[in-house]
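Notes to accompany the following structure.
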Amino acid sequence: MALTNGLEVQKEILDAEIKSFFDSAPPLKDSDDISGKLEEFVKKNSVPSGSGEVRRVVCVTSGGTTVPLEQQCVRYIDNFSSGHRGAASTEYFLKAGYAVIFLYRRGSCQPYCTSLPDDPLLESFECTDDSNIKVCQSHSEVVRNAITKTHAAVTGGLLLKLPFTTIFEYLQMLQMIAFSIRSLGPHAILYLAAAVSDFYVPWKSMAEHKIQSGSGPLDMRLVQVPKMLLVLRKDWAPRAFCISFKLETDSKILLEKADMALKKYKVHMVVANELSTRKEEVVVVRSNEKISVRRNQSPGVVDVECPLVELIVGRHSAYIENPDL
Ligand code: PMT
């Protein structure tokens, strides 16, 4: 009984911290437009196909959130993530027949674009004369692939792209998405690959204008971002299959931390990865198994996300069959 009360008190404190985070966040621009798009997307993908199958929907989060230091932001703290994991995973989920809500950091990697050159506009195109621009032969296949596949997925209503920059935008949009996919029950997945800030400056205590450097060293207090994972699981979308990621730079603590996250946040799976080897190997941590997933070296298979998504689709199918296991 005492334990139950202790947990209840902890949950109440967390709920209060989360409420204070959202109450003090700057209102999300285009919130009505975003909720309209989400409603339409989920509605379209909720209709069973001719075979009676309900389409599965996954929300893939990708890229790093920023923490602004000024309301009229000149400086900010950033979180490392190129967005490659999220972009590549989106491609494999689409290939597996899922509809994808891609919540991504503005300017980060995009699905079907990971093989484009660093500066796609300047490096993929050439001017043949004053009025003619054409794709360079060397890049024509990746450019055609990027345009046609993205266009087909978006116009086919299977890919909804929603950009964020700050931690405030990310968490507000994640909450909206979680609420909108609730109706899909176990057919929805939350695949949380974004690198989310752990500390932030509350909007109300943030300087409005550019902080002046003339006043000596900067003394600033950052507050902890409440971990949303537990409420996401328990309250926002309790029947969705929830996958979180754990990034560490020290391999000795990685699996232990992933195990702790699995238990603490009650997610269905934690994908553990180490910064330097994240493109080669990840470890899928579940309550009853730890599976190492490695990038296949055979020609044509370039990403670790390919076997990773394949494994997730299998575990998700089992979850749909029996969500209580
Ligand atoms: O984008 P790439 O360059 O390809 O790299 C991919 C990746 C390394 C960024 C990705 O694989 C990854 O590990 N993403 C999660 C990184 C991270 O933020 O880990 P974390 O330990 O800080 O957070 C763990 C989980 O808690 C995350 O699922 C996050 O969504 C969640 N979280 C974090 C902070 C917070 N305040 N609230 C949260 O809910």
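Rule-based calculations on the coordinates, nothing more; no lab input. Remember, it's a predicted structure, so these values are computed and weren't measured experimentally. As a convention, Cβ positions derive from the backbone with ideal geometry for all residues, glycine included, and neighbour counts pool all protein chains shown.
Remarks
- Local charge for Ser49 was computed over the other residues whose Cβ lies under 14 Å away, with Lys and Arg +1 and Asp and Glu -1, and equals +2.
- Candidate aspartates and glutamates for bridging to Lys210, where Cα separation is under 14 Å - those fewer than 8 sequence places away on the same chain excluded: Glu70
- Each Cα pair under 8 Å and six or more residues apart adds its sequence gap; the mean of these over the residue count of the stretch 178-313 is a relative contact order of 19 percent.
- Spin-label model distance (nm) - Arg239 vs Asp23, 7 Å beyond Cα toward Cβ: 3.2
- Helical segments meeting 20 Å axial Cα length and Kyte-Doolittle 0.5 threshold in the chain (DSSP H): 167-181
- Given Lys95/Lys257; Lys11/Lys234; Lys19/Lys44, the pairs whose alpha carbons are separated by over 20 Å: Lys95/Lys257; Lys19/Lys44
- 14 Å beta-carbon shell around Ser180, net charge (K/R +1, D/E -1): +1
- Cα centre as origin, Lys/Arg/Asp/Glu Cβ charges: the chain dipole, Debye: 800
- If you take all other residues with their beta carbon under 13 Å from the beta carbon of Glu39, and give Lys and Arg +1 and Asp and Glu -1, the sum is +1.
- Annotation: extensible slack from Asp119 through Arg221 equals 33.0 nm (criterion: 0.36 nm per residue apart, minus Cα-Cα distance).
- Computed [θ] at 222 nm, helices only, for the chain once each DSSP H run of length n ≥ 4 contributes -39500 (n - 2.57): -12000 deg cm²/dmol
- Approximate spin-label separation Lys252-Ile77, in nm, with each point projected 7 Å along Cα-to-Cβ: 2.6
- Gain on full extension, evaluated as 0.36 nm per residue between Ala152 and His209 minus their Cα-Cα distance, stands at 16.2 nm.
- Between Glu289 and Thr277, the modelled labels are 2.1 nm apart [label points 7 Å from Cα along Cα→Cβ].
- Per DSSP, loop GluC sites (Glu not before Pro) in the stretch 276-325 with at most 14 further Cβ within 10 Å: Glu280, Glu289
- Once C-alpha pairs closer than 8 Å and six or more residues apart are averaged by separation and normalised to the residue number of the stretch 1-98, the relative contact order reads 18 percent.
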